[in-house]
1. Treating only the Cβ of Lys, Arg, Asp and Glu as charged (+1, +1, -1, -1), what charge dipole size does the protein assembly as shown show about its Cα centre? Round to the nearest 20 debye.
2. Which listed residue (B:Trp35, B:Met83, B:Ser70) has the Cα farthest towards the positive end of the charge dipole for the range B:29-106, taking +1 on Lys and Arg C-beta and -1 on Asp and Glu C-beta about the Cα centre?
3. Using only Cα atoms, locate the centre of the range B:4-22 and the centre of the range A:68-113, then give the distance between them in Å, rounded to an integer.
4. List the equivalent ellipsoid semi-axes of chain A in whole Å, largest first, each obtained as the square root of 5λ for an eigenvalue λ of the Cα gyration tensor.
5. Given the options B:Gly62, B:Gly16, B:Gly43, state which has the largest fluctuation in a GNM of chain B using a 10 Å cut-off (strictly under) for Cα springs.
6. How are the Cα pair distances of the range A:3-65 distributed, in percent, across 5 Å bins from 0?
7. Where does the protein assembly as shown land on the Kirkwood hydrodynamic radius, alpha-carbon pairs, in angstrom?
8. Can you give the translational diffusion coefficient of the range B:1-98 in µm²/s, computed by Stokes-Einstein from the Kirkwood radius over Cα pairs at 4 °C and 1.567 mPa s?
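No value in this document is a laboratory result; all are computed from the given coordinates. What you see is a predicted model, and the numbers here were worked out from it, not measured in a lab. Using ideal geometry, Cβ is built from the backbone for each residue, glycine included, and neighbour counts are taken over all protein chains shown.
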Amino acid sequence: DTGVSQDPRHKITKRGQNVTFRCDPISEHNRLYWYRQTLGQGPEFLTYFQNEAQLEKSRLLSDRFSAERPKGSFSTLEIQRTEQGDSAMYLCASSPEGVGGYTFGSGTRLTVV
Amino acid sequence: AQSVTQLDSHVSVSEGTPVLLRCNYSSSYSPSLFWYVQHPNKGLQLLLKYTSAATLVKGINGFEAEFKKSETSFHLTKPSAHMSDAAEYFCVVSEESYGQNFVFGPGTRLSVLP
């Protein structure tokens with residue numbers, strides 16, 4: 001396993017379109033996180049899964065955003081009716097049990113035009 | 001609620017001189033603290049972590065940080081900067097009691113001059 005993989009690396013979409021991102025965590029990690037990072041800012045927490053259960057959601061995650069991890073392995077993050085303000089880097093991370101640090105993927109950069 | 005302050009948005013040092021990146025945190029519980037580095041167009045990489053063991057933590061690439069509870073600080077240092085250290089550095093706090101998410105500071109951009 002080479003780490004956390006995210007696909008695609010870059011996505012350009014027109015305002016109003018739907019987009020979906022995928023994250024493949026490290027296989028033995030049961031925790032998976034989504035973060036959003038805008039230019040010049042630190043990453044902001046969006047949501048967190050333990051196995052297939054979505055245990056926590058940030059208030060940043062509006063009803064246009066939905067995340068799933070159906071089999072407790074890979075996860076998808078969908079944004080419906082994209083807005084220009086959704087333009088950001090979307091980061092996925094995974095970790096084992098305990099607070100030992102996350103392993104981050106390289107991110108998906110979304111540009112909404 | 002937990003929070004992180006990184007006092008400098010940009011630090012510039014000459015190659016071979018010491019690096020100091022400052023971080024202060026706020027936490028109601030005994031936190032875990034981390035430093036991550038992000039090179040341009042690259043993912044976040046863990047430099048080091050403090051999880052209630054030794055207060056002086058050594059990380060990769062010659063970096064270290066000292067946890068000072070009385071000062072609520074976790075400053076990152078390196079004795080001698082290298083050109084490859086130029087990147088964005090994030091201080092992170094995590095509290096088990098607030099769920100499993102990290103709270104990132106705003107970041108400090110380190111420039112290394114030849």
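1. Details: 22 positive and 22 negative charges, 100 e Å.
Using only the charged Cβ atoms, the result is roughly 480 debye.
2. Of the candidates, B:Met83 comes out farthest on the positive side.
3. Going from one Cα centre to the other spans 29 Å.
4. Details: eigenvalues 102, 39, 34 Å².
Gyration-tensor ellipsoid for chain A: 23, 14, 13 Å.
5. Highest fluctuation of the listed residues: B:Gly43.
6. Reading the bins upward from 0: 4, 13, 20, 27, 23, 10, 3, 0.
7. Details: mean 1/r = 0.0552 Å⁻¹.
Taking the inverse mean of 1/r over all distinct Cα pairs, the protein assembly as shown comes out at 18.1 Å.
8. Values: Rh = 13.8 Å.
Roughly 94 µm²/s, to the nearest whole number.
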